[in-house]
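Below is one structure, written out as structure tokens; comments come after it.
The values are calculated or read from the model by the stated rules, or taken from the named source; none is laboratory data. Predicted, not measured: the structure shown is a model, and the values here were computed from it. These accessible areas exclude ligands, DNA and RNA; they are computed on the full protein's heavy atoms, side chains included. Shrake-Rupley method; radii C 1.70, N 1.55, O 1.52, S 1.80 Å.
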Amino acid sequence: MTEDARFEDAQEQPLRLIAYEAEDLQVISALVQDAVFPVTEMAWKPKTGRFAVLLNRFRWEDVTGGERRGSYERVQSLLVVDGVQKVATQGFDRGDKDLVLSLMSIGWAEGDAPSGRLELVLAGDGGIALDVEALEVTLKDVTRPYVAPSGHVPDHPD
């Protein structure tokens with residue numbers, strides 16, 4: 001099934017964002033806040049310099065000013081980082097195939113232009129650091145939105 005076929009009868013087009021600058025990355029970071037993913041759904045291909053993770057993210061774009069515009073939904077999205085030279089993890093066991101990680105935010109620390117370090121901050125003091133040649137991050141939805149069976153909505157008190 002092609003990516004477009006998955007959205008044939010969907011009301012909305014899939015989200016697709018690309019960040020080349022730190023300000024763009026802030027938008028992607030906000031949209032993946034509270035996303036969860038099994039440790040088995042992330043991969044780095046050193047030969048191509050690509051790091052990818054399949055996330056189950058809450059559709060924050062449906063919440064405006066604390067009010068929802070529709071039902072609270074989740075969607076599977078692919079987060080791809082290109083130009084990755086090195087990956088380092090901390091605070092979790094990559095070998096634990098049953099482990100589910102919770103992504104809190106994505107940060108950027110500039111190095112010698114245009115390189116830098118991308119930090120995927122995880123709940124529980126864990127993290128994934130990606131040393132990159134340049135900032136190039138893509139987030140795209142790969143399934144239609146759905147209401148999570150648990151009905152759980154992330155809560156962030158002021």
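Amide H to amide H, which residues 5 or more places from Ser115 or on other chains are under 5 Å from it, using H placed in the peptide plane?
none
Using a probe radius of 1.4 Å on heavy atoms only, what accessible surface per residue do you get for the range 52-143? Whole Å² is fine.
About 48 Å² of surface per residue is accessible.
Working out 0.36 nm times the residue gap between Lys45 and Ala148, then minus their Cα-Cα distance, what length gain in nm do you get to one decimal?
Working: separation 103, 0.36 × 103 = 37.08 nm, distance 3.10 nm.
Full extension from Lys45 to Ala148 adds 34.0 nm.
Working with all protein chains in place, sort Thr40, Thr89, Thr48, Thr138 by solvent-accessible area computed with a 1.4 Å probe, largest first.
Numbers: Thr40 75, Thr89 45, Thr48 100, Thr138 20 Å².
Listed by decreasing accessible area, they come as Thr48, Thr40, Thr89, Thr138.
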